[in-house]
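Comments concern the structure below.
Rule-based calculations on the coordinates, nothing more; no lab input. Note that the coordinates shown come from a computational prediction; the quantities given were computed from them, not determined experimentally. Every residue, glycine among them, receives a Cβ derived from its backbone with ideal geometry; neighbour counts consider all protein chains shown.
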Amino acid sequence: MMTASSSQAPPPGASVCFAASFDHPVLAAVLSFAIAQGLKVLLTRYKEGHWDLSRLFGSGGMPSSHSATVMGLAAAIGIKDGPGGSPFAIAVVLASVVMYDASGVRLQAGYQAKVLNQIVIDLPPEHPLSESTPLGELLGHTPLQVLAGGILGCIVASSLHVILYGLSFANF
């Protein structure tokens with residue numbers, strides 16, 4: 001296992017670029033999030049035939065950017081510091097909670113919002129709630145969207161490690 005001082009420097013002979021000045025796990029998490037959000041825009045264009053740049057900032061949809069972010073973080077910590085340490089354990093637990101929440105509570109909240117919005121639409125115009133602002137419906141993710149986000153995060157973390165440090169996975 002690497003010590004705190006030795007984990008900061010790249011392995012001997014590794015190629016280092018500008019991005020290496022950032023912490024690998026943080027960079028992996030941020031890139032995973034950005035790529036997932038960008039994919040949502042592209043998939044919306046493919047499925048619906050129009051560009052919807054609001055998908056860059058919205059939740060829900062394919063792939064789960066929440067899952068990509070936490071799995072990118074956890075995978076990068078595991079690659080960088082090894083899977084036996086407390087930081088990796090914390091990251092895995094965090095990822096599990098976020099991914100469970102995305103496909104459970106938040107998905108159900110989105111379904112409820114859809115039902116409530118339909119009820120409001122069906123209200124007579126004189127009802128006090130008939131002019132209510134619609135609730136957001138794209139809140140959670142299907143298990144497939146969560147899985148896709150998790151895989152994306154692992155791919156980004158692994159690819160980033162190879163780009164920054166080459167093929168050394170000395171901690172495993």
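General remarks:
- Kirkwood hydrodynamic radius computed over the stretch 45-86 comes to 12.6 Å, based on all pairs of distinct alpha carbons.
- Proximal lysines relative to K114, as straight alpha-carbon distance under 26 Å, when same-chain residues fewer than 8 apart are discounted: K40, K47
- Applied to the stretch 84-101, the Karplus parametrisation 6.51 cos²θ - 1.76 cosθ + 1.60 on θ = phi - 60° returns per-residue 3J(HN,Hα) values of x, x, 5, x, 5, 4, 4, 5, 5, 5, 4, 4, 4, 5, 5, 5, 4, 4 Hz, with x for Gly and Pro.
- Separation of the A89 and K114 label points, Cα + 7 Å toward Cβ, nm: 4.0
- Three principal axis extents describe the C-alpha atoms of the stretch 70-147; from largest down they are 62, 21, 14 Å.
- Each residue of the stretch 122-127 is assigned a 3J(HN,Hα), and the resulting list reads 7, 5, x, x, 7, 5 Hz, derived from the Karplus form 6.51 cos²θ - 1.76 cosθ + 1.60 (θ = phi - 60°), x at Gly and Pro.
- E131 paired with D52, simple spin-label distance in nm, labels 7 Å along Cα-to-beta-carbon: 2.8
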